[in-house]
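Before any comments, here is the structure.
The values are calculated or read from the model by the stated rules, or taken from the named source; none is laboratory data. For clarity, every value in this text was computed on a predicted model and none was experimentally measured. When we count neighbours, we look across all protein chains shown, and the Cβ atoms used for this are built from the backbone with ideal geometry, even at glycine.
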């Protein structure tokens, strides 16, 4: 038989809550790796946050498909770091990478487009600050510059020169030698060498500044006119950001710098011009035809012939064939390993290399070699990115932030406890117990959400919990104040509880519904850490209802049925009872006076 309206069986509700807690903590300790700690964001445990701004060659807005593809690839690279808790989220045209933990420095290189290409080096590299001598003669097609008179040092991890493995950077002391130019593969423009070609006009829907920078850089540094390339080598400033980063045309020559900004290189095209593809199908004298798509695997290894590290590359079947043909046609010539338009290494080919493997040497540290191998192994991005923000937070600072958040939460709880004890007495103790049980449930939910959906708790999330303390306490206050109203009307504690609950629960549901809707809307429209605030606020609001219905109300019912606990001086309802009696006596006196009159 069901109890009367407002009457409940408190043991049944409390048992339901206990089962929920047991089930949650069973999942916490019996699943996952056994850790009972929630995942913390980078502002609490330290780490790296990188914001990447997408850009296209023509300055146009990147497409949704390209942004999503880039996000997926960067997620794969993040996972390759082996750091748990990392995530990549879209923020408009930006990608925000967060990698918590002490080993998160590799996140700063995750936005590399990883457009790898092998280009023949034409002439000798010159120091970045040197002014190359101009020359008007152009070597015949297929010719190559004289190799350095001083042999470059053997590259890291390479066998002896007789094995044909690539060698290290060309010696910089030959920088003063005139730089020859790549073969002209199409009719040179008629413009004078001192005046670069005019920049094509950009469509109206693109960023004109970005488009202008890229087109001007291409017109100079990827011109087919040898004299314009001479001018490009003269004007190139290796200390400035490169607008051609990831945007260079593989079918044209390139004037560029090395990754350290120390030398300038003039490089041949990767592929023959499209109009000459058929006629030059077997020509590997100047065209390597090798890009990152020809690589099957990349790995960082120790330098077996010296100090430092190298990156070993394994080519796919077709890539190995191209590499063998190119090295056979360019013995004693230098080949540049170009990543996103920058020269990573420029070894000299001693003999034909077969077997489908090679290596990149570039004075790498272990982290640099691992990051480069990871970038090459997981593929090129469909867009180029500029790192508009890179923030590293030390674990020490994160620990201080966590302590500050916990102290703030503790102060908030303490103030609520003091107020409840002072104003509600026994009911205040029930409020404190309910808040503690709510914290127990929230902790287990945080641990499980971290495992299931990768949720990480940050400072904004802690702020959401602190705000939720007030919302939860407000639900108790609504119930208790309604209870006082019933006592003022002359009802006992026991009879007032069911009536007060019926009248207060609709208000509690309405207030929590408004809070949850506000949190949900904020979560949908917000970005970044504000989402963490909205998520914890909404989650706490839902759990508030669970605690109020399954814990607070049943405990008040139990207290109302106990002769000791229902004592008016102990329950905190004595004042309301006296106030109600006084009000009724006053009203009765006034009624009697009116009748006598």
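Can you tell me which condition residue 251 does not meet? The list is (1) more than 25 Å from residue 323 (Cβ to Cβ); (2) at pLDDT below 90, and all the others hold.
(1)
Is one or more of the residues making up region 26-37 surrounded by 12 or more Cβ atoms within 10 Å (Cβ to Cβ), modelled with pLDDT under 85 and in contact with a strand residue (DSSP E or B) (Cβ under 8 Å, 6 or more places away or on another chain)?
The answer is no, given that none of the residues of region 26-37 is surrounded by 12 or more Cβ atoms within 10 Å (Cβ to Cβ), modelled with pLDDT under 85 and in contact with a strand residue (DSSP E or B) (Cβ under 8 Å, 6 or more places away or on another chain).
Here are some conditions: (1) closer than 15 Å to residue 40 by Cα; (2) surrounded by fewer than 21 Cβ atoms within 10 Å (Cβ to Cβ); (3) at pLDDT below 75. Residue 403 meets all but one. Which one does it not meet?
For residue 403, the exception is condition (3).
Which of the following residues is modelled with pLDDT of 50 or more and crowded, with 21+ Cβ neighbours inside 10 Å: 234, 229? Break it down stepwise before answering.
Details: 234 fails: crowded, with 21+ Cβ neighbours inside 10 Å.
Of the residues listed, the single one that is modelled with pLDDT of 50 or more and crowded, with 21+ Cβ neighbours inside 10 Å is 229.
So which of 538, 580, 532 is crowded, with 18+ Cβ neighbours inside 10 Å and at pLDDT 85 or above? Steps first, please.
Details: 580 fails: at pLDDT 85 or above; 532 fails: at pLDDT 85 or above.
Going through 538, 580, 532 in turn, the sole match is 538.
Show me the helices (runs of 4 or more DSSP H) found entirely inside region 493-565 where at least 3 residues are more than 27 Å from residue 426 (Cβ to Cβ) and in contact with a helix residue (DSSP H, G or I) (Cβ under 9 Å, 6 or more places away or on another chain).
Details: elements: 493-525, 529-547, 553-561.
It comes to 493-525, 529-547.
Under 6 Å between Cβ atoms, which residue pairs at least 6 apart in sequence (or on different chains) link something in region 245-256 that is under 12 Å from residue 233 (Cα atoms) with a partner that is outside any loop (DSSP other than H, G, I, E, B)?
Partner pairs satisfying both residue conditions: 254/267; 255/221; 255/229; 255/232; 255/233; 255/266; 256/265.
Looking at (1) touching a strand residue (DSSP E or B) at 6+ places or on another chain (Cβ under 8 Å); (2) in a helix (DSSP H, G or I); (3) farther than 24 Å from residue 272 by Cβ, which one does residue 323 not meet, given that it meets all the others?
The failed condition is (3).
Which condition does residue 57 not pass, out of (1) under 30 Å from residue 208 (Cα atoms); (2) modelled with pLDDT of 90 or more, if it passes all the others?
Answer for residue 57: the failing condition is (2).
Report whether or not residue 460 is assigned by TED's automatic domain parsing to the domain that holds residue 514, in a helix (DSSP H, G or I) and closer than 25 Å to residue 519 by Cβ.
Working: assigned by TED's automatic domain parsing to the domain that holds residue 514: yes; in a helix (DSSP H, G or I): yes; closer than 25 Å to residue 519 by Cβ: yes.
Answer is yes for this residue.
If you scan region 316-352, which residues turn out to be touching a helix residue (DSSP H, G or I) at 6+ places or on another chain (Cβ under 7 Å), at pLDDT 85 or above and more than 20 Å from residue 281 (Cα to Cα)?
349, the sole residue that qualifies.
Only one of 208, 253, 226 is over 31 Å from the mean Cα position of the chain (by Cα) and more than 25 Å from residue 361 (Cα to Cα); which? I'd like the intermediate steps shown before the answer.
Working: 208 fails: over 31 Å from the mean Cα position of the chain (by Cα); 253 fails: more than 25 Å from residue 361 (Cα to Cα).
On inspection, the qualifying residue turns out to be 226.
Given the options 467, 447, name the one that is assigned by TED's automatic domain parsing to the domain that holds residue 543, surrounded by 19 or more Cβ atoms within 10 Å (Cβ to Cβ) and at pLDDT 80 or above.
Details: 467 fails: surrounded by 19 or more Cβ atoms within 10 Å (Cβ to Cβ).
One residue alone meets the criteria, 447.
From the list 283, 294, which residue is under 38 Å from the mean Cα position of the chain (by Cα) and either within 15 Å of residue 353 (Cβ to Cβ) or in contact (Cβ under 8 Å) with a residue 60 or more places away in the chain (or both)?
294
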